[in-house]
Each structure stands twice: as structure tokens, then as C-alpha cells.
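Worksheet: one structure, shown below.
The values are calculated or read from the model by the stated rules, or taken from the named source; none is laboratory data. Predicted, not measured: the structure shown is a model, and the values here were computed from it. Here the Cβ positions follow ideal geometry from the backbone for every residue, glycine too, while neighbour counts run over all protein chains shown. Side chains are part of the model used for accessible areas, which takes the heavy atoms of the whole protein and leaves out ligands, DNA and RNA. Shrake-Rupley method; radii C 1.70, N 1.55, O 1.52, S 1.80 Å.
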Amino acid sequence: RAGKCTRFPCSFLHSEPSHPSGSAAASSTANGSGAPKRFADDSGFSGSAQRRGPNFKNNHNNSWGRMGANNKVVRKTEKVCNYWVQGNCTFGDKCRFLHSWSLGEGFSMLNHLDGHQKLLSGIVLPAGMDKLFTGSKDETLRAWDANSGQCTGVINLGGEVGCMISEGLWLFVGIPNAVKAWNTQTNQEFSLSGPAGQVYAMIVGNGLLFAGTQGQSPSIIGFLQEGILAWKFNAVTNSFEPAASLKGHTLPVVSLMVGANRLYSGSMDHSIKVWSLETLQCLQTLTEHTNVVMSLLCWDQFLLSCSLDQTIKVWVATENGNLEVTYTHNEEHGLLNLRGMHDLESKPVLLCACNDNFVRLYDLPSFSERGKIFAKQEIRAIEVGPSGLFFTGDGTGFKVWKWAEPVATT
């Protein structure tokens, strides 16, 4: 009743029981003080989904994390039926386990495409193309026809794929000790040297390609600083040239994000660093997380970060320009990835992959749960597509999901 229950499913009611006339008013308060319970106001959201996160405006920063008034989660045993997966469950509708890869309303699975032999680490949809690309720890890159769902090509990379992104005509793939770049229009291929160890994260900002790397091994003089490498494409020489090296983290950089003319980097050293995209100087170091910062998301004036410390933190800039935590959302498991999108009713939704093989879907800014997506293994790759589509990748392949059209009312 205080809006703080984290159990799902909870053994207690999450709604007021029916009362005789006169007693309902006494139970309509949040804490017995007579004040009405406050809920988050979603009316201020606007904008459309973008690659780095949907835009929205929130005029009440303190409404983050308040329980929403309408939680549509279907309550059933949260385990997929193994016999149903194998196609031979005899209990049918009476089975107490799920006969579905998801739990919740408003979205459904369109397809499940297999092909990789190990965990997927990247899914990208280059703009203007009818192809989708996936990368995996099985050291391959696969191309898929977005219309038919057929695999149209396989490239052996000779190293595990740590991350993938697309920018314009370019597809970038991070592997150990290199970044592979393909021009999807001309089929030109480049190998960007410089990284030491696995490339865990990449982002494009201010005309530069940034890559977060595993970095050097400890030396006899102590731990060497881990870096972020940057390249710039030279149209005259038709090549990518090293542009900068950003040093400051003491352990590998595993997440990168660009927003508000800033580069944000999350690291195994538990910190987030804020860099100026103009000067490439570190402006601030955020140390509120207590474990690896796995993913970052810029959403209008907010920065969202998730960590293996089982928290999602929402950051907002203060008057002096520094970021401070305005809300912390707690999970029961470590978090691996964040993506943001709008459903087909233009409501903002946050997709959160956890290391319990679940993806949780939350309404924003209330963090009310919309549903869950299940998998046999960890879901490391999430991508948002057009027209309400989104994708989740696990151990062998990926699933295609779509938000349902809103029901027309008369």
C-alpha cells in the first residue's frame, strides 16, 4: 500500500477489497493519514523512439518510481513449461507452468529465429535496410532478411563478438584486439586496430567512433589505465584514422552512451565517467554503483544506468551541471542491459535484461511492471525496431516481439 512492494508474484492483494459504504473512504489513503495516494503522471511524455532512447519530458522529477495506478501483469507461475517447449505437454490449459515465452499484456512474440551456437551479444538494424545483423560469442556475424526471417549469410570473424552497432551506412563489430567496419552500401571492409583485448562497447558521437576495451594486463608497475579509443573517418583517404584515447578508468570499459553533447562510460571499476564530446576531457566521475556498470541509456534530460549491483539509477543534472541520482530502482538480480522505446499508444517503456534469464518491462516514469520475457539463457542483446517491434537475443538465436495495437473505444 505504500508503493514499495518488490515481490512478484506477491501473496497479498495489490488492490483494495470491496467495503461497505462508508468504510471505503478510510481505506483510500496511502498510509492512514487521510491524504490520497499519489501516482505518477504520464501525461507529460512526448516524442518517438530513437536509437539512443526515446525522448520524453517529465515535469515532476520526484514522480520517478511511484507505483502506477494500473498494473496489467498477468499473474501466473513464472516458469516456462519444459514439456511445452518440447511440444509434448499433456496438461494443456490446466498446466500450472507457462505455455508462453512471456508474461504480461500488450505485446506478443512474432517469431523465434535460431542459428547461432553460443550467446548472442549484438543485434542491429541498419537504417533504411531490410536486413538485420546478429553477432555472437560463436565468432560469427549473421545477416537475416527482415521480411522472410531467413539467414542470408554468415561471416566467420575469428573472435568472439563483444558488441555491435550501426551508424548510417556503417556496421561496426567489436572483437578481440580490433573493430571490424563494413560499409553496407559498397561492401567495403575495414579493420580498425588499436584495441587491447576484447571490445565491449561502441558508440558514435560528434563524428567519432568510440570503443570501450578490455585494455592492458597488470604490469610490474601496477594497473595500467583502461581507455576508450576513438577513430574518425577520413573521406579523402577512405580510411578510419585514430583520433584520441580517453584514459581514466582503472578496469575495462563495458558500456558507452552519448547524449547532451556528452560521452558517458561505464566500467568494471564500478564508476561512470562523463566526458565532453568537444574537448574529450573528463568532467565528472559518478561512483554511486557498487558493481560493474553494464549498460547506460540517455533519455531526454535523464541518464539511466544499470549494474550487477541489482540497481537501476536515474540521474539528472543539477543547476551546476553535475549529475546526481534522483531515483534508484532495486531488482533481485544483477542487470545486464537497458533499452527504451514507446509502445503503440506512445507510452514509454523500459526494457531491462537481468541475469536470471528474464527481461522485465516497466512503464516510465512510475517503474510499474508491464510484463516479463523469459529465455533458457541470459539475454544479453536487446534491440528496438520500427513500428513497435523489438528483439531479444539469448543462447542460440533471437525472438521478434511486437506491441499490440491499442483497442479502439467508442
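Listing for the model above:
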quantity: Some residue of segment 305-325 being open to solvent by 40 Å² or more (accessible area, probe 1.4 Å), farther than 20 Å from F210 by Cβ and in contact (Cβ under 8 Å) with a residue 60 or more places away in the chain; calculated: no
quantity: Cross-chain or 6+ apart pairs with Cβ under 8 Å, segment 158-186 first and over 25 Å from D394 (Cβ atoms), then basic (K, R); calculated: T184/K131
quantity: Residue list for segment 241-279, restricted to those being open to solvent by 40 Å² or more (accessible area, probe 1.4 Å), farther than 13 Å from N322 by Cβ and outside any strand (DSSP E or B); calculated: T250, L251, N261, M268, H270, E278, T279
quantity: Of all residues in segment 130-148 being part of a loop (DSSP other than H, G, I, E, B) and of a type in the set (D, E), the one that is farthest from I379 (Cα to Cα); calculated: D130
quantity: Residue that is nearest to A211 (Cα to Cα) [pool: residues in segment 280-291 that are assigned to a loop (DSSP other than H, G, I, E, B) and open to solvent by 20 Å² or more (accessible area, probe 1.4 Å)]; calculated: L280
quantity: Residue match in segment 144-158 (condition: under 23 Å from the mean Cα position of the chain (by Cα), open to solvent by 20 Å² or more (accessible area, probe 1.4 Å), farther than 21 Å from W403 by Cα and at pLDDT 90 or above); calculated: no
quantity: Criterion: surrounded by 18 or more Cβ atoms within 10 Å (Cβ to Cβ), in a strand (DSSP E or B), out of contact with any Lys or Arg (no Cβ under 8 Å at 6 or more places or on another chain) and modelled with pLDDT of 95 or more - qualifying residue of R339, R360; calculated: R339
quantity: Of residues in segment 343-357 being of a type outside the set (G, A, S) and part of a loop (DSSP other than H, G, I, E, B), the one least open to solvent (accessible area, probe 1.4 Å); calculated: D343
quantity: Test: residue in segment 277-292 that is touching a Lys or Arg at 6+ places or on another chain (Cβ under 9 Å) and in contact (Cβ under 8 Å) with a residue 60 or more places away in the chain; calculated: yes
quantity: Enumeration of residues in segment 187-210 that are open to solvent by less than 50 Å² (accessible area, probe 1.4 Å), in contact (Cβ under 8 Å) with a residue 40 or more places away in the chain, within 21 Å of M268 (Cα to Cα) and of a type in the set (G, A, S); calculated: G197, A201
quantity: Unmet requirement for S27, which otherwise passes all of (1) exposed (fewer than 14 other Cβ atoms within 10 Å of the Cβ); (2) modelled with pLDDT of 85 or more; (3) in a loop (DSSP other than H, G, I, E, B); calculated: (2)
quantity: L224 being of a type in the set (A, V, I, L, M) and modelled with pLDDT under 85; calculated: yes
quantity: Residue match in segment 282-291 (condition: among the hydroxyl-bearing types (S, T, Y) and in contact with a Leu (Cβ under 8 Å, 6 or more places away or on another chain)); calculated: no
quantity: Within segment 175-187, tally of residues that are modelled with pLDDT of 90 or more and either more than 15 Å from L209 (Cβ to Cβ) or out of contact with any Leu (no Cβ under 8 Å at 6 or more places or on another chain) (or both); calculated: 2
